[in-house]
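Step one of this worksheet: look at the structure below.
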Amino acid sequence: MFKTNALRPSLKTVLKTSTVAGLTAVMLSTGIPAAITQSFAAAVKVEAPQVPSFANVVDAVSPAVVSVRVQSRANPVSEDASNGFSFDFGGRGLDELPDDHPLKRFFKEFGGPNGDKHADRDHGPRDGKPGRLRPTSQGSGFFISEDGYLVTNNHVVSDGSAFTIILNDGTELDAKLIGKDSRTDLAVLKVDDKRKFTYVNWADDSKVRVGDWVVAVGNPFGLGGTVTSGIISARGRDIGSGPYDDYLQVDAAVNRGNSGGPTFNLNGEVVGINTAIFSPSGGNVGIAFAIPASVAKDVVTDLMKDGEVSRGWLGVQIQPVDRDVAESLGLAEASGALVVEPQAGSPGEKAGIKKGDVITAVNGDTIKGPRELARKIALMRPGTSVDVALWRDGKAESVKLEVGSLPADTKEASVPDQQQQEEQPSSEKALADLGVTVTPSDDGNGVMISSVDPDSDASDRGLKEGQKIVSVNNQEVKSADDILKVIEAAKKDGRTKALFQIEADNASRFVALPISQG
């Protein structure tokens, strides 16, 4: 007996038959075989938006940027655990590591990285001979001429005896120091070689705007040529490093070893020289400072020509004019540079500039503050004749003088420290409205502050016991009565503040104190 299932075609047979039939139908209807392909998923691909690339700039400028290796002749340290070797471990030297630290035990036992216990014995002076050269620092620099002049930071080379520059391709060449300037932290080196070096030009940084793209190239942590990018974050930054502070602030990653390296605009021109960073950790946090090209260009030109920088000099100690000082002097606005003391024999003193004068303009250009005055005078050649506008005793005056030459860095003349004065109750007198008590000075110049009310304006403005009041409203005082007379005269003129000249710690400054109208 037959089973009916045996007569049914299998599913596989049906599908196969249907497929063949379908292909036959296609061929019959078109007259040509139809294309048969299998379908697969495509790989992910995103069309990225076109963004600026720094590659062209980097390719062009990299050969001009170098690493600077500095060596100096240093005396060996005492032959203790370090045996003369100097290392830095997270901000600590080898001597500061615990005695049981494995690295300290290693160097104490073996004397040096090669296990030679006498490795350091010939590193310092012996028999009157100079010490052996040792690596002391490493930074960055860049060529500014095809014949081998290059720029770096003064703090990179300041203690060096020998200098080596490493080119982008790894070539090492000796260099010599042409000149350095501590006031702007710039230095110039020279490589004597027959080859022509790739060099870069200065940018016009007056056209640099906050928000412009910049590229920093240097040698961070001794890694070799490294490129980072960012923007100009701010202009005219004063970080307290010197009288000519006028830094560009950039947020490109700048670290130790980038010092002396250039910051470029997108045209491959140097807009600044990396010189400092702000960082609580010692590494990059996005706040770096570069010397503007306009400052560096003039200094570098002088260093290449003479090996030193020739700057103009007035010879006056100055401080800012705040609102209180302006009010005490009758100035309409808080601007200018207040003369604390003209130096003896200086151009300013010879021209008749006095303490308490406010310098408001030079050659007709308004002076907003001490930094602007310092930079303007520094850029003038010694011997230049200038007109200096002053505010003195409530009216405008002017003097003509010849700019001098700024002396080399020297230490201030030492004077005996001022000791705290012994109390002299019979001669002390309280200036109740001011919150101070004074006594005549032993040298007859000014009065000594013997006490300060902690709740007074005088205390708020930094007056302390042991400081000296030299003058009030530019009039010398030698007693409390002298001070009171000057204050009374100021009250009659309708003044609400008086200007006190204070001497302390071998320095002088002006402080404006409110005076009672009662």
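Rounded, prolate or oblate: which one fits the range 429-514, using the alpha carbon gyration tensor with axes a ≥ b ≥ c (rounded when a/c is under 1.5, else prolate when a/b beats b/c, else oblate)?
Judged from the Cα gyration tensor, the range 429-514 comes out rounded (a/c under 1.5).
Cut-off is 10 Å between beta-carbons; in what order do 380, 304 appear when sorted fewest neighbours first?
Details: 380 19, 304 16.
Starting with the residue having the fewest Cβ neighbours, the order is 304, 380.
Under the 0.36 nm per residue contour assumption, what length would be gained going from the current alpha-carbon distance of residue 133 and residue 445 to full extension?
Numbers: separation 312, 0.36 × 312 = 112.32 nm, distance 5.32 nm.
Length gained between residue 133 and residue 445: 107.0 nm.
Report ³J(HN,Hα) in whole Hz for each residue of the range 336-345, in order, from the Karplus equation J = 6.51 cos²θ - 1.76 cosθ + 1.60 where θ = phi - 60°; Gly and Pro get x.
Each residue of the range 336-345 in turn: x, 10, 7, 7, 7, 6, x, 6, 4, x Hz.
Show me, for the range 507-512, the HN-Hα J-couplings you get by feeding each phi into the Karplus relation (A = 6.51, B = -1.76, C = 1.60, θ = phi - 60°), rounded to Hz, glycine and proline as x.
Coupling constants for the range 507-512: 9, 10, 8, 10, 9, 8 Hz.
In the range 224-282, what chymotrypsin sites (Phe, Trp or Tyr not before Pro) fall in a loop by DSSP, with at most 13 other Cβ atoms inside 10 Å? Each step should come with its number before you reach the end.
Numbers: sites: 244, 247, 264, 278; in loops: 244, 278.
When the chymotrypsin sites (Phe, Trp or Tyr not before Pro) of the range 224-282 are filtered for loop state and at most 13 Cβ neighbours within 10 Å, 278 remain.
For the range 200-318, what does the alpha-carbon gyration tensor say about shape, rounded, prolate or oblate, given a ≥ b ≥ c as the root eigenvalues, a/c under 1.5 as rounded, and a/b over b/c as prolate? Walk me through the numbers on the way to the answer.
Values: a/c = 1.58, a/b = 1.42, b/c = 1.11.
Prolate, since a/c reaches 1.5 and a/b exceeds b/c.
For a footprinting-style exposure proxy, rank 308, 269, 47, 341 by other Cβ within 10 Å, fewest first.
Details: 308 13, 269 18, 47 5, 341 21.
Neighbour counts put them in this order, fewest first: 47, 308, 269, 341.
Considering the dipole of the range 429-514 built from charges on the beta carbon (Lys and Arg +1, Asp and Glu -1) around the Cα centre, which of 454, 483, 496 is farthest to its positive end?
Farthest along the dipole direction, towards plus: 496.
Under 5 Å between amide hydrogens, which residues at least 5 positions from residue 316 or on another chain qualify, with H placed 1.01 Å from N in the peptide plane?
Residues meeting the amide H criterion: 343.
Charges only on Cβ, +1 for Lys and Arg, -1 for Asp and Glu: so what's the dipole of the range 312-405 about the Cα centre, in debye to the nearest 20?
Numbers: 12 positive and 13 negative charges, 57 e Å.
Charge dipole of the range 312-405: 280 debye, to the nearest 20.
Could you list 184, 164, 171 so that the one with the fewest beta carbons within 10 Å of its beta carbon is first and the one with the most is last?
On the way: 184 27, 164 19, 171 11.
Taking fewest neighbouring Cβ atoms as first place, the list is 171, 164, 184.
Can you run phi through the Karplus equation (6.51, -1.76, 1.60; θ = phi - 60°) for the range 223-233 and list ³J(HN,Hα) in whole Hz, with x for Gly and Pro?
6, x, x, 9, 10, 9, 10, x, 10, 6, 8
Would you mind checking which residues have amide H under 5 Å from residue 369's amide H? H placed 1.01 Å from N; only 5 or more apart, or other chain.
336
With the Cα gyration tensor of the range 248-330 giving a ≥ b ≥ c as the square roots of its eigenvalues, does the rule (a/c under 1.5 for rounded; else a/b larger than b/c for prolate; else oblate) give rounded, prolate or oblate? Could you put the intermediate results ahead of the total?
Numbers: a/c = 2.44, a/b = 1.35, b/c = 1.81.
It is oblate, given that a/c is not under 1.5 and a/b is not larger than b/c.
I'd like the distance between the alpha-carbon centres of the range 427-485 and the range 291-340, rounded to an integer number of Å.
The distance from the Cα centre of the range 427-485 to that of the range 291-340 comes to 30 Å.
Each value in this text was obtained by applying a stated rule to the coordinates, not by laboratory testing. This structure is a prediction, so every number in the text was calculated from the model and none was measured. Cβ atoms come from the backbone with ideal geometry, glycine included; neighbour counts cover every protein chain shown.
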